[in-house]
Ligand SMILES: [Cu+2]
């Protein structure tokens, strides 16, 4: 009887242990960009954050899926790292100067932001059809 109880305790402890050791989290959010070059840049930025084990951006849906260790980083740091290389996410906007540093064709239409956009008409919403993907960076 006694051995049975302690065995159960061990099993329960093991279960608890493996559960708490697994603090990885997967999240998906929007990151603005255009092409394959953007994809590499965005994923590299996300993966450069300590604790991120996987980052995968889709240029069609503009969604990034990141897997990270919650005990080492948080989602804000990932958004910030991406913004730092010039890409807006739905949480953090890139600085104008970082955006300007992007390769010409990577200068995606920014989500409606403050003033200084160069009067580009007709591209307000890119939601819906994905026909607007530019292909100036070659192999797509
Ligand atoms: Cu690009």
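Pairing each residue of the stretch 90-111 that is more than 15 Å from residue 45 (Cβ to Cβ) with any residue that is within 14 Å of the ligand (Cβ to nearest atom) and at pLDDT below 95, provided the two are 6+ apart or on different chains, yields C-beta distances under 6 Å for 105/134; 105/136; 105/137. Residues of the stretch 82-101 that are closer than 17 Å to residue 63 by Cβ, out of contact with any strand residue (DSSP E or B) (no Cβ under 6 Å at 6 or more places or on another chain) and away from the ligand (no atom under 16 Å from the Cβ): 91, 92.
Scanning the stretch 75-100 for residues that are within 19 Å of residue 25 (Cβ to Cβ) and either surrounded by 15 or more Cβ atoms within 10 Å (Cβ to Cβ) or at pLDDT 95 or above (or both) yields a total of 11.
A count restricted to the stretch 21-40 and to residues that are within 11 Å of the ligand (Cβ to nearest atom) and touching a residue at least 24 places away in the same chain (Cβ under 8 Å) stands at 7.
Look at residue 104 and say whether it is at pLDDT below 95, within 16 Å of the ligand (Cβ to nearest atom) and exposed (fewer than 11 other Cβ atoms within 10 Å of the Cβ). Yes, satisfied.
The values are calculated or read from the model by the stated rules, or taken from the named source; none is laboratory data. Computed from a predicted model, the values in this text were never measured in an experiment. As a convention, Cβ positions derive from the backbone with ideal geometry for all residues, glycine included, and neighbour counts pool all protein chains shown.
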